[in-house]
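Structure first, then comments.
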Amino acid sequence: MVLTGKSIVSKGIVGNVSNDSIQQQGVDLRVSRIFKVDSGGVIPKEGKTILPTRTEVLPIIDWDGKTQLYNLSPGYYEVELMESCNIPKTAVLWIKGRSSVVRCGGRIDSGQFDGGFKTDNMGCYLEVIKFLSIEPEARIAQAVVFESEPVDDEHLYNGQYQHDKQRNQ
């Protein structure tokens, strides 16, 4: 069963949510920071994934002198989101792109967020197909949460990305 946005927030599955981000069957997610992915990573047969290098993209002031924009050329970007998550053992979270991003030439992708995963800032990847401008804190994706059978405590997520420890080292 897909949870409603209101239920997702009331259960504390997604946190740091603005009131206008609560949707019918999900929670809109806002841009915190954007990084250009500079290189490929390595996915080993065993052990930890070696992440690609990345460079932070800083917003610039637009022609009006007030509006900040991330101006993104075609390429692959890692997006840090403003919202946190705490996935219970009875749920799984997926991040989907908002249709406005698709209409403007971008595509959002993310792995599955398993039961037991916790982080202060969720993240996703953005493939820019056509030049795209995004304002800081813009809603670009949506968290959708599905209920599942409970995961045994010993099988809850505790991998290299728990609490963003891979990026914070």
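Every number here is computed from the coordinates shown, using simple stated rules; none is lab data. Being a predicted model, the structure only gives us computed values, none of them experimental. For neighbour counting, all protein chains shown are included, and Cβ atoms are generated from backbone atoms with ideal geometry for every residue, glycine included.
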Correct response: the longest run of the chain lacking exposed chymotrypsin sites (Phe, Trp or Tyr not before Pro), defined by DSSP loop and at most 12 other Cβ within 10 Å, is 64-130
The FRET efficiency for LYS66 and GLU46, from their Cβ-Cβ distance with R0 = 41 Å and rounded to 0.05, is 0.20
Among PHE113, LEU132, VAL151, the residue whose Cα sits farthest towards the positive end of the charge dipole of region 105-156 (+1 at Cβ of Lys and Arg, -1 at Cβ of Asp and Glu, taken about the Cα centre) is LEU132
Too long for a 19 Å Cα-Cα cut-off, among LYS45/LYS89; LYS11/LYS89; LYS48/LYS89, are LYS45/LYS89; LYS48/LYS89
Within the chain, excluding any trypsin sites (Lys or Arg not before Pro) found in a DSSP loop (not H, G, I, E or B) and having at most 13 other Cβ atoms within 10 Å, the longest uninterrupted segment runs 67-129
Between SER7 and ASP38, the two model label points (7 Å from Cα along the beta-carbon direction) sit apart by a distance in nm of 4.4 nm
For ASP20 and ARG107, extending 7 Å from Cα along the Cα-Cβ vector and measuring point to point gives, in nm, a value of 2.9 nm
